[in-house]
Amino acid sequence: MNPLRRFFSWVAVSLTAAAFVSPASAQLSKDAVKLYAELCASCHGANQEGGTGTSLVDGIWNRGKGDDAHIARMITEGLPELGMPAFGATLDAGRVRALTVFLREKEIRAKEKGTSYAKPKRDEVVKSELQAFRVETVVEGLDVPWSITFLSKGGGALITERKGDLRVVREGKLLPEPVRDTPKVFAQGQGGLLAVAVHPDYASNGWVYLAFSDPGADGTAMTAVVRGRIRDGAWVDEQEIYRAPRALYRKGGNHFGTHLVFDRGYLYFSIGERGAQDNAQDLTRPNGKIHRVHDDGRVPADNPFLKTPGALPTIWSFGHRNPQGVALRAAAGGGDPELWATEHGPRGGDELNLIRSGANFGWPLVTFGMNYNGTPVSADSSRPGLEAPVLHWTPSIAVSAITFYEGTRYPEWRGNLFVGSLAQQELRRLVLKGDDVVSQEVLFRGIGRIRDVTVGPDGLLYLCMEGPGRVVRLVPVE
Ligand code: HEC
């Protein structure tokens, strides 16, 4: 070979070698859907149904436990002796994570195809595992009802509509006019008038609390909480309970939280990260946090970050994406009740968390989900020092409100946690043993997005639902 030719063939070989060993991740898509199509579909089928490789959606895992760690290991190490290549050199940890979330999503969706859930028509009896019930409509004609609170045993209630109206139910009838002079709200996207709750001593003090998207300057907003009274159909005596510094308000209509929870003189509420992921880790920002104040808005002397320079004093826990359901669980044996919260994950990774003072719940450093476009948020689903969720849902169900049932009307359901969902339109019943969820039942699905789940003075479960906007209750049937 003449020297010139030798030189060119050397270049060609080097180029091929370079292309081969260079971290191919740089050129590869970050989108798990595309990655699957490019790297896996040829053997596992376009719809994961199997081919040369086995089906990845039949719930049968031949080579391991089928948990996230197994799937991730298969992708990185492959099964060379069986003809599955190792992708560890090609795919970085984030892409492996996103592919894992993608396969999990597909597996569960495939499993659900073969399962049917109750989709009760009006007043149809649902025979669930432990309790038969009817879904009875009690209030109709609402526009995206967000939450409900009860005023008395006699059928009095207040309901928020996201667009900004506070509606009154008197003796079981919805009054045509909303309460006048309630706070102006930022009613865009997920923002608006959100939670309503009455003070535990409402009968003597008349305080009604509202949490809402508070409009700031230049189209910004942030979740705020006020209390006031209702007199002659109007909102009066308003007091500010929580407002973030206006400079920290943000644009955009996403992730406001929230529900309101009273516990022995304290008030808890959440604020979603408002679409600014990194703010969830920043203690100088109100978003991406669960907050705790006294019921008159004062900052409790034992809040966890009072001594942290720059931290906002009302922060109770942080690293949250969009915690919407917040509820107390009565302690067994008379101890302190526990605060639990659900939060919307991105694509996958909805969470149920047991909230502890000062704890970091990890968003966006760790998550069981990925971005909506299939790219990874993080390569990690857990890290030391970050609170792991009690439970996570992948694919997402879009978890909204929660309540622990401690009443007597459905005796078999005592101590269970009831979870509403938006996208999946489900009401789930979770059975806990200690702080672990040991089973879940979908009580029904597909009759409307569920915004609130709570217990009425009659001991029945009440739900605020969309499609059409209404309040229903679950009436036990013998
Ligand atoms: C060249 C063919 C081929 C390609 C490409 C391939 N696989 Fe595989 N895969 C296999 C074979 C064969 C097995 C072993 C099946 C068995 O259990 O007998 C396997 C097994 C697996 C398993 C373990 C299944 C179990 O039952 O435990 C997973 C998970 C998996 N592959 C995921 C992927 C993903 C994700 C990709 C793309 C990044 C991929 N595979 C690309 C052929 C392939």
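Observations, loosely collected:
- On inspection, residue 255 fails the criterion of being closer than 16 Å to residue 315 by Cα and assigned by TED's automatic domain parsing to the domain that holds residue 153.
- Restricting attention to segment 41-58, the residues that are free of Cβ contacts under 8 Å to residues at least 24 places away in the same chain, farther than 17 Å from residue 101 by Cα and within 6 Å of the ligand (Cβ to nearest atom) total 2.
- If you go through segment 191-243 and keep only what is touching a residue at least 24 places away in the same chain (Cβ under 8 Å) and polar (S, T, N, Q), you end up with 213, 220, 223, 239.
- So residue 126, is it of a type in the set (Val, Ile, Thr), part of a strand (DSSP E or B), under 23 Å from residue 400 (Cβ atoms) and touching a strand residue (DSSP E or B) at 6+ places or on another chain (Cβ under 8 Å): yes
- Listed by position, the strands (runs of 3 or more DSSP E) contained in segment 364-441 that have at least 2 residues being among the polar types (S, T, N, Q) and buried (at least 19 other Cβ atoms within 10 Å of the Cβ) are 399-404.
- Residue list for segment 59-114, restricted to those being more than 8 Å from the ligand (Cβ to nearest atom), free of Cβ contacts under 8 Å to residues at least 40 places away in the same chain and of a type in the set (A, V, I, L, M): 69, 72, 86
- Residue within segment 76-92 that is surrounded by 15 or more Cβ atoms within 10 Å (Cβ to Cβ) and assigned to a helix (DSSP H, G or I) present: yes
- Of all residues in segment 287-319, those that are open to solvent by less than 20 Å² (accessible area, probe 1.4 Å) and either more than 28 Å from residue 253 (Cβ to Cβ) or modelled with pLDDT under 95 (or both) total 2.
- Note on segment 226-302: enclosed strands (runs of 3 or more DSSP E) holding 1 or more residues that are small (Gly, Ala, Ser) are 234-242, 266-271.
- Scanning segment 230-249 for residues that are crowded, with 24+ Cβ neighbours inside 10 Å and not aliphatic (A, V, I, L, M) turns up at least one hit.
Conditions (1) among the hydrophobic types (A, V, I, L, M, F, W, C); (2) free of Cβ contacts under 8 Å to residues at least 60 places away in the same chain, marked per residue:
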residue: 255; (1), (2): no, no
residue: 283; (1), (2): yes, yes
residue: 291; (1), (2): no, yes
residue: 294; (1), (2): no, yes
residue: 301; (1), (2): yes, yes
residue: 309; (1), (2): no, yes
residue: 325; (1), (2): no, no
residue: 329; (1), (2): no, no
residue: 341; (1), (2): yes, no
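- The numbered conditions (1) farther than 29 Å from residue 315 by Cα; (2) open to solvent by 20 Å² or more (accessible area, probe 1.4 Å); (3) not in a loop (DSSP other than H, G, I, E, B) are all true for residue 139 except (2).
- Residue match in segment 396-419 (condition: under 13 Å from the mean Cα position of the chain (by Cα), closer than 30 Å to residue 124 by Cβ, modelled with pLDDT of 95 or more and among the charged types (D, E, K, R)): no
- Within segment 254-265, one or more residues are closer than 15 Å to residue 190 by Cβ and open to solvent by 50 Å² or more (accessible area, probe 1.4 Å).
The values are calculated or read from the model by the stated rules, or taken from the named source; none is laboratory data. None of these values were measured; they are calculated from a predicted model. All Cβ positions, even for glycine, are placed from backbone atoms using ideal geometry, and neighbour counts span all protein chains on display. Areas reflect the complete protein model, heavy atoms only, side chains present, ligands, DNA and RNA absent. Shrake-Rupley method; radii C 1.70, N 1.55, O 1.52, S 1.80 Å.
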